[in-house]
Amino acid sequence: MRAKLAWALLLAVLVAAGTGAPAWAQDKGPAAITEIRQESTNRSTRLTVDCTGPLAYTYYSPDPLTLVVDIPEMDASRVPTRVNVGTKEVESVRVTSMARADGRSLARLEVRLASLVPYQIFSKDKSLNLVFERAAEATAPPAAPAPAAMAKADDPAAKPPVAAAAPEPAAVPATVPAAPAAAPAPSDKVKWQPVTPSELKAAEAPPAPRPAVRPSGPRAQRILGVTQGTDMGQLSFTIKADGTLRYQDFFLGNPDRLVVDFVDVVSRAPIRNMEVNESPVRKVRLAQFSAASPKVARLVLDLSARKPYRIVEGTDGVKIVFGEGETPHPAPLAALRTDTDALEAAAPPPIADAAPAASAPQVLPAPAPAPLPAPLPDPQEPPAPIAPEGLQARNLTTGEKVYTGHPISLDFKDGDLQDIFRLFADISGLNIVVNPGVSGKVTLKLNEVPWDQALDLILKANGLGYTLEGNVIRIAKLSDLQREEQERRKLEEEKALAGNLEVWNKTLSYAKATELQDTVKKVALSARGTITLDPRTNTMIITDLPANLTKARDLIADLDRATPQVEIEARIVVTSRNFTRDLGIQWGFTHQQTPQFGNTTNLTFPNSIIINGGGVPASGGILPDNGGLSSAAGIASGARGYAVNLPASGFNSGIGITLGNILGNFNLDLALTALERQGRGRLLSTPKVTTQNNHAAEIKQGVQIPIQTVANNTVTVTFKDAVLTLRVTPQITEANTVILDLNVENNAADFANLVNGIPPINTQSAQTQVLVKDGATAVIGGIFQSNEQTSQASTPFLSKVPILGYLFRNRFVTNTNNELLLFITPRIIKS
């Protein structure tokens, strides 16, 4: 029973398969564009692209009047290849069905604009909507919507369908935020994010755009220059032209910029960049944005802050004035709104195609102006090669790479490197060649990153590099590029060494050939070069390639020069001052009570008394054995000795007093001595020496003191220098100054203080490095020495008695001052 039921079910399935596929299976066919519809109103032109399935898209603007929309996984063979629109906003649409490198299909819509107008792109269900806003006109009558099918799938002129890639899962709708009142020029920014009902409503009824200004009068063909000035105290910039200018201005953010596009003109301004740094403008840039028709010159003002501005038109250009003024702008300054939506109406660059899916990556909006290309050359001048934007710019001060490409936003998960490199080819406008063996996947999410920096990051992350030849980028592995570079250098070196050798002789005038040999060989000669020297004539014989011989000639001409000379004069000033004062006292007495004088004590003991107060002889020694006084000493006559003997040493002045009674048995001797010395001395030494630049010189003057020593019955005499020495090495600088390495010594023998008959040596020296102007004098050192001494000789205890203590002490005072100054004066000898 069960077997029969299984056979019955199988037969039913076969019958169903023969009669046709169900509706859900038919929907799995390839997605295709079925119709392009046009809808014109008094405010805009809308193009609606109907498809058989959900879609994802990317778009970019290669020039101001062209919009390119790429729809991956879509067949465009059912609609005509060209659709003429013929409105004031859109001229035509060209439809192309393409095959990608991986075999998947791609539908491309190239929309040719009739004028510079803002636009919006968003998807809804299975259709893509392109809305182009018309410039406001005072006399334009309202027009009712008139939808008309432009190209249908059943049109006999349509091409037959072709095979398409496998269908993708359900797509996430994509849209562009509604454009604001400002009408910015297109720039390469990608906007790919889910649509919201508010955005759809804003897209269906967009606000009126700001129109491009079309002044009357002869139109300009060239912009002649940009100058900065003031208008009623307000910062202004004058754009000089050979006629009236048609322009369109708008704001961009991140960072803030004011962009003014001048239509149908070519920039011939001599200055492309102008540093301002005056609020609110930091910098002004002018360049040719588009060289093809229509020609557009773009002026970008980098702002530190957004402020109101006005544009004043003239017959020979326009003036941009920042600040409020009486002259109104021709159109309302809608671009001055602070909301960020006003910054998102610029056209984006292409982004990597991604199949629509629930987890499809989003490329966030990244509004910014397109980079400023180089201005067009004059017709009579040959165009100079221009390096592609962003790939070769480097900071001149730090050497680091500076990225100058316009910002883009990317979001990939496991993106194929081949497809990503093709994307960058569309973004940069360069040709990209990928070496065999370069493959892989990359996951990244970048927001507002210059495209050349994004490419650099992708290459680094995958161990890749590139070479740039003209406008062609070749991407390869770093190992391959390094090997190619080594081979290229090796080939260049071999080519450079393949020439014929020549011989050149040079007799040096000032330098020594032996000293220059190594320098010339290392700096100027090639691997085949040789140097032979002739010391007798100081000649260098050089054999090398002609180019290297030229380097050697130039190098030797720079090095073989007369060395400048310097005369160095040193002055050593030694001053001394001394003062000595010595005060001394001497006194003594004798007293006798003896029968000789008849004045005994009348006692049995002691009957006679002799008191001798001259216990210290004036000339030293001891008293006589017989107890009598010694012979007269000290001051002539007077006491035979002194009880206090403290004379001034080496005195040259004195006074003596001798007192006695009539009997002569009591005598008192007193002597005062004094000495005072004062001396001043000044010694000036002026050594002078001349030497060449960077050569040491030395000069000495003085005596050699013999010193005799005895060892093992052998007498040895050695000599010690007591001389004035000047050692100096000068270096002349480009600023006409002299750097001096100095060593000055002043050694003098002191014969007043002999030690075993050998005088000691007083040493004074200075060692330093100084910078002195030519002919100037500098003090390089100085020593000031002051010595104050006070000494006193006294009799113990008695010298402490007030007033009377002066009779028991002497006083010695000495003051000594010594000063040393070292001066140096270099003079460059002019030859």
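Full extension of the chain between Ile761 and Glu278 yields a length gain of 166.6 nm, computed as 0.36 nm times the residue separation minus the alpha carbon distance. Each part reduced to its alpha carbon centroid, segment 409-427 and segment 736-807 end up 86 Å apart. Annotation: peptides 783-793, 667-677, 550-560, ranked by per-residue average of other Cβ atoms within 10 Å with the highest first, follow the order 667-677, 550-560, 783-793. For the listed peptides 533-545, 445-457, a ranking on the average number of other beta carbons within 10 Å per residue, highest first, reads 445-457, 533-545. Computed over segment 502-561, the convex hull of the alpha-carbon atoms projects to a mean area of 3.4 nm².
Note on segment 564-831: Rg/Rh from C-alpha atoms, Kirkwood Rh, equals 1.29. Go ahead and run the numbers for FRET between Thr709 and Arg489, Cβ-Cβ distance against an R0 of 60 Å, rounding to 0.05. Efficiency for this residue pair is about 0.25. Using the Cβ of Gly650 as centre and a radius below 14 Å, the other residues enclosed give a net charge of 0, where K and R count +1 and D and E count -1. Among 755-765, 584-594, the peptide with the highest mean count of other Cβ atoms within 10 Å heads the list, and the full ranking is 584-594, 755-765. Based on the Kirkwood radius over alpha-carbon pairs, what value in µm²/s does the Stokes-Einstein equation return for the translational diffusion coefficient of segment 407-494 at 20 °C and 1.002 mPa s? D = 155 µm²/s. For segment 222-336, the calculated P(r) over all alpha carbon pairs, in 5 Å bins from 0 to the bin holding the longest distance, is 2, 12, 24, 26, 22, 11, 2, 0 percent.
Taking every Cα-Cα distance in segment 664-764 and sorting them into 10 Å bins from zero, the calculated P(r) comes out as 11, 25, 21, 17, 12, 7, 4, 2, 1, 0 percent. With a Förster radius of 30 Å applied to the C-beta separation of Lys830 and Glu515, the computed FRET efficiency comes to 0.75.
Values in this text are rule-based calculations from the coordinates and carry no lab data. Predicted, not measured: the structure shown is a model, and the values here were computed from it. Backbone-built Cβ (ideal geometry, glycine too); neighbour counts: all protein chains shown.
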